[in-house]
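Heads up: the structure comes next, in structure tokens.
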Amino acid sequence: MASGVKPRVKVPKKASAGDTITIKTLISHKMESGQRKDKSGNVIPRSIINRFVCEFNGETVIDVTLDPAISTNPFFEFEAKVPESGEFTFTWYDDDGDVYTTSKKIEAS
Amino acid sequence: MQLTRRDTLALGLGAAALTLLPFRASASLADDKIAEFTGGAPVGEGGVTLTAPEIAENGNTVPIGVEAPGAVSIMVLAAGNPRPEVATFNFGPLAGAHSASTRIRLAGTQDVIAVAKMADGSFAKASATVKVTIGGCGG
């Protein structure tokens, strides 16, 4: 599914250096599990996002492997340390080879 | 043939056992996955917190959270799903707290298991039973 995928990320704009902040991410994706059948009884092929990575200035915050048991529109909430000002990069990897990225800047004082 | 009270009870038990069987089968699948993750190392208790609702009305989105201070990665399994693996969280050097939450699909009432790999190479697990009113795997 390459159409209609829209990542949404919530990161505070400011933090004091060394602080731990909470990040929430949501991406619209139907996450077809490969278990469902259509009306004529054929299995609908699996089509999910299989990996999600969050990085800050190139250093990994969290790297998640997703399996079909993750809900439609995968949501993640996690915490990250902010040692300095910089940019969070969020990357989602789709089964069909698509990669969705978004980034958010944060100012540390 | 007239059904006696005893026969009826036996029938009921038989039916219950039949419905439980597929769940048992995948429970061992979950054990296999745990063994794969730990490489056969013993899995202790404690050190991992798994937050899951007691009752989930809709199996399509069940909010869960895992937390394990000092963990390198946490694997989440749903023992009663057709495929037990749910997600694996790997924490990087900038992870603020070794915790994460997400929403998962559950096929029916079952145990959700979290296995954490600690920085020192040991493993710990936690589990919670979630009652599901409407299953979330289609079918």
Does B:K131 qualify as being more than 23 Å from A:K81 (Cα to Cα), out of contact with any His (no Cβ under 6 Å at 6 or more places or on another chain), of a type in the set (K, R) and at pLDDT 90 or above?
yes
Without any contact (Cβ under 8 Å) to a residue 40 or more places away in the chain and open to solvent by 20 Å² or more (accessible area, probe 1.4 Å) - does that describe any residue in segment B:125-138?
yes
Closer than 30 Å to B:A30 by Cα and of a type outside the set (G, A, S): which single residue out of A:V43, A:V9, A:V5 fits that description?
A:V43
Please find, within segment A:17-56, the residue that is surrounded by the fewest Cβ atoms within 10 Å (Cβ to Cβ) out of those that are of a type in the set (A, V, I, L, M) and part of a strand (DSSP E or B).
A:V43
Going residue by residue through segment B:5-22, is there one that turns out to be at pLDDT 80 or above, more than 27 Å from B:T109 (Cα to Cα) and surrounded by 10 or more Cβ atoms within 10 Å (Cβ to Cβ)?
no
Take B:V112 and tell me if it is under 11 Å from B:N58 (Cα atoms) and assigned to a strand (DSSP E or B).
no
Across segment A:57-90, the tally of residues that are under 22 Å from B:P63 (Cα atoms), touching a residue at least 24 places away in the same chain (Cβ under 8 Å) and surrounded by fewer than 19 Cβ atoms within 10 Å (Cβ to Cβ) stands at 4
Pairs returned, first residue in segment B:48-64 that is over 24 Å from A:E32 (Cα atoms) and without any contact (Cβ under 8 Å) to a residue 60 or more places away in the chain, second residue that is in a strand (DSSP E or B) and open to solvent by 70 Å² or more (accessible area, probe 1.4 Å), beta-carbon separation under 7 angstrom, 6 or more apart or interchain, are none
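Being open to solvent by less than 60 Å² (accessible area, probe 1.4 Å), of a type outside the set (K, R), assigned to a loop (DSSP other than H, G, I, E, B) and within 14 Å of another protein chain (Cβ to nearest Cβ) narrows it down to one of B:P53, B:P93, B:P69, so name that one. Walk me through it before giving the result.
On the way: B:P93 fails: open to solvent by less than 60 Å² (accessible area, probe 1.4 Å); B:P69 fails: open to solvent by less than 60 Å² (accessible area, probe 1.4 Å).
Every option except B:P53 fails the conditions.
Take the residues in segment A:6-16 that are in contact with a strand residue (DSSP E or B) (Cβ under 6 Å, 6 or more places away or on another chain) and open to solvent by less than 60 Å² (accessible area, probe 1.4 Å), then tell me which one is farthest from A:A108 (Cα to Cα).
The residue in question is A:P7.
The values are calculated or read from the model by the stated rules, or taken from the named source; none is laboratory data. Bear in mind that the values here come from a model prediction, so they are computed numbers and not experimental data. Quick reminder, even Gly has a Cβ in these numbers, built from the backbone with ideal geometry, and neighbours come from all protein chains shown. Only protein heavy atoms, including side chains, enter the accessible area calculation; ligands, DNA and RNA are left aside. Shrake-Rupley method; radii C 1.70, N 1.55, O 1.52, S 1.80 Å.
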